[in-house]
Amino acid sequence: MRVVVTGTPGTGKTTATERLDREVVHLNDRIRAEGLDSGTDERRGSLVADMDAVAAALDERESREIELVESHLAHRLPADRVVVLRCHPDELGERLAARDESDETIAENRESEALDVILSEAVEEHGIENVYEIDATERDPDDVANEIERVVAGEREPSAGTVSFLDAVSL
């Protein structure tokens, strides 16, 4: 079974999954380390993942009972369950600013989060019955990790569309 943890950059994916007592594939690290990209997006200054190469590299791994994959791209992979971490755009902006992200990157990610972009993509790709939304805005990373474990264990019901940040959208 493959469980992916995804969400807009800054929602807490890496922080929460590092607290789990299990192996986690941190996909962005693998993409960089193994050259699983098709070049650089010059405007954003970031690698463009070759998702076919990424999927093939993961398929070559030794079979595990449960494989946990973390990345803002993870929902684009085949998966049995998709955990989407969410964070209020104001808090997300603060987190990204603390990482010294550009104003353009912060604005783009805040808007993406407010408009449910990754959640919508996950539901479209995997079906609402396989998506588990977790609001990580004011939650301790250990608490978020516990919620992820509940998803892996099948102890949590699917949920999508339960979190709304439309109040953060300027019209």
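Across the stretch 139-169, the number of residues qualifying as free of Cβ contacts under 8 Å to residues at least 40 places away in the same chain and touching a His at 6+ places or on another chain (Cβ under 9 Å) comes to 1.
Can Leu119 be described as surrounded by 14 or more Cβ atoms within 10 Å (Cβ to Cβ), modelled with pLDDT of 95 or more and either within 28 Å of Glu155 (Cα to Cα) or among the charged types (D, E, K, R) (or both)? Criteria met by Leu119. The set of residues in the stretch 14-34 that are outside any helix (DSSP H, G or I) and either aliphatic (A, V, I, L, M) or over 15 Å from the mean Cα position of the chain (by Cα) (or both) comprises Arg19, Leu20, Asp21, Arg22, Glu23, Val24, Val25.
Of all residues in the stretch 109-138, those that are assigned to a strand (DSSP E or B) have Cβ atoms under 9 Å from Cβ atoms of residues that are of a type in the set (Asp, Glu), 6 or more apart or on another chain, in Tyr132/Glu147; Tyr132/Glu157; Ile134/Glu147. Note on the stretch 83-92: among residues that are touching a residue at least 60 places away in the same chain (Cβ under 8 Å) and more than 10 Å from Gly7 (Cα to Cα), the one that is surrounded by the most Cβ atoms within 10 Å (Cβ to Cβ) is Leu92. Which ones in the stretch 94-104 are touching a residue at least 40 places away in the same chain (Cβ under 8 Å) and of a type outside the set (D, E, K, R)? Within the stretch 94-104, Leu96 is the sole residue that qualifies. For the stretch 18-31, state whether one or more residues are surrounded by fewer than 14 Cβ atoms within 10 Å (Cβ to Cβ) and modelled with pLDDT of 95 or more. Checking the stretch 18-31: at least one residue is surrounded by fewer than 14 Cβ atoms within 10 Å (Cβ to Cβ) and modelled with pLDDT of 95 or more. Annotation note: of His126, His88, the sole residue that is modelled with pLDDT of 95 or more and touching a Phe, Trp or Tyr at 6+ places or on another chain (Cβ under 8 Å) is His88. Listed by first and then second residue, the pairs with beta-carbon distance under 7 Å, at least 6 apart or on different chains, first residue in the stretch 36-49 and farther than 21 Å from Leu77 by Cβ, second aliphatic (A, V, I, L, M) and modelled with pLDDT of 70 or more, are Thr40/Val48.
When the criteria are applied in full, Thr11 meets the requirement of being in contact with a strand residue (DSSP E or B) (Cβ under 6 Å, 6 or more places away or on another chain), modelled with pLDDT of 80 or more and closer than 21 Å to Ile106 by Cα.
One line per residue, one yes/no per condition, for (1) surrounded by fewer than 12 Cβ atoms within 10 Å (Cβ to Cβ); (2) among the small types (Gly, Ala, Ser):
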{"residue": "Val131", "(1), (2)": "no, no"}
{"residue": "Glu138", "(1), (2)": "yes, no"}
{"residue": "Asp143", "(1), (2)": "no, no"}
{"residue": "Glu147", "(1), (2)": "no, no"}
{"residue": "Arg150", "(1), (2)": "no, no"}
{"residue": "Gly154", "(1), (2)": "yes, yes"}
{"residue": "Ser159", "(1), (2)": "no, yes"}
{"residue": "Leu166", "(1), (2)": "yes, no"}
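Of the residues screened, Ser71 is one that is closer than 26 Å to Glu23 by Cα, surrounded by 20 or more Cβ atoms within 10 Å (Cβ to Cβ) and modelled with pLDDT under 95.
The values are calculated or read from the model by the stated rules, or taken from the named source; none is laboratory data. Everything numeric in this text was worked out from a predicted model, so none of it was measured. In this analysis, Cβ positions are derived from the backbone assuming ideal geometry, glycine residues included, and neighbour counts consider all displayed protein chains.
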